[in-house]
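Here, each number is a calculation from the coordinates, and none is a lab measurement. Computed from a prediction, not measured in an experiment: that's the story for all the values here. Methodologically, a virtual Cβ is constructed for each residue, glycine included, from the backbone with ideal geometry; neighbour enumeration extends over all protein chains shown.
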Amino acid sequence: MTHEHPVRGPGHHPRAVTVVRAGTLTTLQDLGRPGFAHLGVPRSGALDPLAHARANRLVGNDPDAATLETTLDGVALRAETAATVAVTGASAPVRVNGEPRGWSLPLLLRAGDTLEIGPAEAGVRSYVAVDGGFDVPLVLSSRSTDLLSGIGPPPVSSGTTLPIGPARRPPALDMAPYRAPALDETLVVHPGPREDWLGDRAADALFAQPYEVDPRSNRIGLRLRGGPIDRRVRRELPSEGIAWGAVQLLSDGQLVVLLADHPTTGGYPVVGVVDRACASACAQARPGTFVRLRRARRPARPAAREPGRGATS
């Protein structure tokens, strides 16, 4: 059993921000809800965990505090009380009351100030942290919005007032070095459980071409368009468990990389698994840009010991 935090009224929870403009898709995200796959519940959580953690660090929060994850065209918030905020992830113009402010820096808002994050200039998703975190109710130990299952808070809408947790001490740092998302990314891929469904030529073709990011990509999966990849095994595959980063080979020969809101089972063959270190690249891959896949280096076998050498008892 998990203990859910009830929504508290304004008299008991004075710190809050109001959503002036929600943007195309803005959701609340923390580090997700791991451990429930056996119930059919994916982990969910911030698609770009590094940007999410960096935003929290800048305002003095713990890494698991809830942030806002925007999609392409940002968000606008009005502070109902004084708060410290930070914006990371996709690089985008940041303004307070119409005046330009720093990206990936802590910003002090006074009551009544309006924070505006504009359209992403590089990348897809920006992260907005506020000191104290967004204090919406927990669902299965997380405040994350899961778009596939509908678990957690709904996507943010204009006019919504979001409560904020107790104020935190000012952070001990005033900047966090961070490179903006790249236009073209390389995803490191480990062998998948159905790698043997590919013939030799198809296995080589998987890594030989660039893939265009499909506009249909979302929090469930990163769709990649390229020359069709053929498979040696043609039979149907019963549904089996899948995890973040699974590279599924679809029936039309195209690929999809499963992300945070992926289903916990699937019937397409998983021919590879993207390395977890590439999570930010997957989150920020912009439709119309290109990614490449690179084989992960297999760990070298330890050298055989000479007879008579080695540890002694």
Inset, instruction - Rounded to the nearest Å, what's the spacing between the alpha carbon centres of segment 49-128 and segment 265-296? Just the number, please. - result: 26 Å
Legend entry - Charge dipole (segment 185-295, unit charges on Cβ, about Cα centre) - positive-most of F290, P269, L258: F290
Inset, instruction - Give me the number: length gained by fully extending D275 to R235, i.e. 0.36 nm times residue separation minus the C-alpha to C-alpha distance, one decimal in nm. - result: 11.6 nm
Legend entry - Footprinting exposure proxy for Y268, Y127 (fewest neighbouring C-beta atoms within 10 Å first): Y268, Y127
Legend entry - Cα-centred dipole magnitude for segment 185-295, charges only on beta-carbon of K, R (+1) and D, E (-1), debye, nearest 20: 120 debye
Legend entry - Efficiency of FRET from Cβ geometry, R297 and D200, R₀ 25 Å, rounded to 0.05: 0.80
Legend entry - Size of charge dipole - the chain - debye, nearest 20, with Cβ of Lys, Arg +1 and Asp, Glu -1, no other charges: 640 debye
Legend entry - the chain: C-alpha gyration tensor shape, a/c 1.5 cut-off, then a/b vs b/c: prolate
Inset, instruction - Could you work out the longest stretch of the chain that avoids the trypsin sites (Lys or Arg not before Pro) located in DSSP loops with at most 12 other Cβ atoms within 10 Å? - result: 9-109
Legend entry - Packing-based exposure ordering (other Cβ within 10 Å, fewest first) of F134, F290: F290, F134
Inset, instruction - For n ≥ 4 DSSP H runs only, could you compute -39500 (n - 2.57) per run for the chain, divide by its residues and tell me the 222 nm figure to the nearest 500? - result: -2500 deg cm²/dmol
Inset, instruction - Determine the gain in length on full extension of the stretch Q209-A37; use 0.36 nm per residue of separation and subtract their C-alpha separation, reporting nm with one decimal. - result: 58.6 nm
Inset, instruction - Return D200, D131 ranked ascending by Cβ neighbour count within 10 Å, so the fewest neighbours appear first. - result: D200, D131
Inset, instruction - Would you work out the relative contact order for the chain, in percent, from Cα pairs under 8 angstrom that are 6 or more residues apart? - result: 21 percent
